[in-house]
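Nothing in this text is a laboratory measurement; each read-out follows from the coordinates by a stated rule. Remember, predicted model here, so these are calculated numbers, not experimental data. Note: ideal-geometry Cβ built from the backbone for every residue, glycine included; neighbour counts use all protein chains shown.
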Amino acid sequence: MTDIKLWTLIFVIASFGLYVTIAIRARVSTTSGLYVADQGIPAIANGAAIAADWMSAASFISMAGLISFIGFDGTIYLMGWTGGYVLLALLIAPYLRKFGKYTVPDFVGDRYSETARAVAVVAAIFVSFTYVAGQMRGVGIVFSRYIGVSITVGVMIGMAVVLFYAVVGGMKGITWTQVAQYSVLIVAYLIPAWAIAGTVADIPIPQVSFGQIAQDLNALQQDFGLAAYTEPFQARPMQDVFLVTLALMVGTAGLPHIIVRFYTTKSVKAARYSAGWALLFIALLYTTAPAIAVFAKTNLLQDVAGKTYSSVPEWVHNWEATGLITFQDDNDNGVVDSLTSDETRAARPGELFVSPDIMVLANPEIAGLPAPVIGLVAAGGLAAALSTASGLLLVIGSAIGHDFYYKRLRPNATEKQRVAAGRWAIAGAVVVAGYFGVHPPGFVAQVVAFAFGLAASSFFPAVTLGIFWKRANSAGIISGMIAGMGFSAGYMYMTIYQGMEFWWGISPEGIGAIGAVINFIVAIAVSLRTAEPPPEVQLLIEEVRHPRLDEGAEAKVPIG
């Protein structure tokens, strides 16, 4: 057994043991504990849980890899995801916390109608399954490289672990597990970045030192026939950069597994504080990602550019065994003459293909860091993937067990039956998520971007109009969600699976912004041409829109 594999097993077993222990100690037996952790999570802990839930495998594993290959245009992920979180924290979270429900479909159902609730349940399941596919794929990649099992077996191991602590601990167990997972992932992310900065730059602070390295990377890229790293709009046209950023931003503000996090705090005030803590915790990773991208790409080019493939470092061949690095010698000279990745392959094919999903995980190996650091990074990648997967699976479980089974199918179900239904729904969701993890529609960050686009075109308009426009009614919101999400999903399917050309250069990741606009237009138009909501609903929204009043109180709608 190699040192890397040994240290990876040590960190993975230790971290998994910690997660399982937390789940057992935090096990729940009520629907309130299962879905909203009895609304008793302290603000700082909820902030760490939000950060772990939100910083998925895409943030930890794939984002820096994407930035390393598309350069300037990779800022779409930094601006979109962080900007979206601020939008969510300021525009939506306090109001939904005042409303005091378990789920986003709960809000939609009580704000609009039971039919609107059913549409929201379908949307929540669709968005969450799309998102969770990327997380399970990330789990499989880590296990495949560092433990030596296939991606399929790695996904199955991840399924077993997340199934246990999600079913046993519910939202309460998931929340405290995510606090631990945030600690693991942020330490694993920062240590290699600081270590590499200390060896390649005069100032050993990655957020400061990467600027100079980026200028050196410009020269390396141009020598290798690639565009300058810091030159804008090389990988994507300007309009697509704008639309993807917007889709990720409003998609973040519409993600059901993040919105539900603000229901777990003790009060509206605590929800606001947890949002602030989460932003601080998120910033630690997101300000470091551009530096990791620059360091990884620089080291990669120095290791492979213009070299004979037989002489490239061992780490290249290690990752080649996973299928995430491939070499096709087009001119039969045995030399790596060109480089490509998922984002650039269509426009500029290359001999050496490198998946962006490996750049963060391989970065310690590329930089020659010791085996314990490599093992820690592997454990961090698993923590990021599993933390988000558990939150998404709980959303799916609550949508089926609470919003469908209890609210529509069996309103007289006992507490025990409702908890059992939620747990069975989570278990079924884990199985489906595992399948999509083995057969994903794209690489990790791309799949996650699709989920953000679907959330942008479905939930964001429904929730925003539901809070800030009392005239919005059931007919309008149902029509808007179906039109917006249907358009976005149809465009994604046609461009990904049917080979349809992009309209006006808009990628599947960016189409959610257009879907959100369609949703808003249709919802407003239909609402204006149909009957306004009942007076009691308008009064309810008036209360929800003033979360500063009766601090710590809920809107006058009973939970459950």
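Structure summary
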read-out: For L339, distant residues with modelled amide H under 5 Å away; value: E351, L352
read-out: Estimated FRET transfer efficiency (V431, I521; beta-carbon r; R0 45 Å; 0.05); value: 0.75
read-out: Sorted by Cβ density within 10 Å, fewest first, the residues R261, R272, R471; value: R471, R272, R261
read-out: Charge-dipole axis of the chain as Lys and Arg at +1 and Asp and Glu at -1 on Cβ define it, positive-most pick from P356, I4, Y85; value: Y85
read-out: Integer Hz, Karplus 6.51/-1.76/1.60 couplings in order for segment 324-333, x for Gly and Pro; value: 8, 10, 9, 10, 10, 7, 5, 9, 6, 9
read-out: F502 paired with V208, simple spin-label distance in nm, labels 7 Å along Cα-to-beta-carbon; value: 3.8
read-out: Distance between segment 284-345 and segment 194-263 - C-alpha centres, whole angstrom; value: 18
read-out: Dipole of the chain, positive end: most advanced residue of L246, M500, W469 [Cβ charges, Cα centre]; value: W469
read-out: Proxy reagent accessibility, fewest Cβ within 10 Å first, across S267, S488, S341; value: S267, S341, S488
read-out: Karplus-derived 3J(HN,Hα), 6.51/-1.76/1.60, for each residue of segment 381-394, Hz, glycine and proline x; value: x, 5, 4, 5, 5, 6, 4, 6, 4, 5, x, 5, 5, 5
read-out: Extension gain from Y493 to H317, taking 0.36 nm per residue of separation minus the Cα-Cα distance; value: 59.9 nm
read-out: Computed label-point distance, nm, for sites L6 and A531 using a 7 Å Cα→Cβ extension; value: 7.4
read-out: Table column - 3J(HN,Hα) (Hz), segment 121-130, Karplus curve with 6.51, -1.76, 1.60, x for Gly and Pro; value: 4, 4, 4, 4, 5, 4, 4, 5, 5, 4
read-out: Relative contact order of the chain, defined on C-alpha pairs under 8 angstrom at six or more residues apart (%); value: 29
read-out: Global geometry of segment 209-286, whether rounded, prolate or oblate, following the gyration tensor of its Cα atoms and the 1.5 cut on a/c; value: oblate
read-out: Residue among W277, A120, T30 farthest towards the positive dipole end of the chain, charges placed on Cβ; value: T30
read-out: Residue order, fewest to most surrounding Cβ atoms within 10 angstrom, among K269, K98, K416; value: K416, K269, K98
read-out: Positive minus negative residues near N46 (Lys, Arg vs Asp, Glu; Cβ under 14 Å); value: +4
read-out: Sequence ranges 304-312, 362-370, ranked by mean other-Cβ count within 10 angstrom, highest first; value: 362-370, 304-312
read-out: Full-stretch length increase - V153, F224 - with 0.36 nm per residue and alpha-carbon distance subtracted; value: 21.8 nm
read-out: Nearest-ten-degree value, helix 289-304 long axis tilted from longest Cα axis of the chain; value: 30
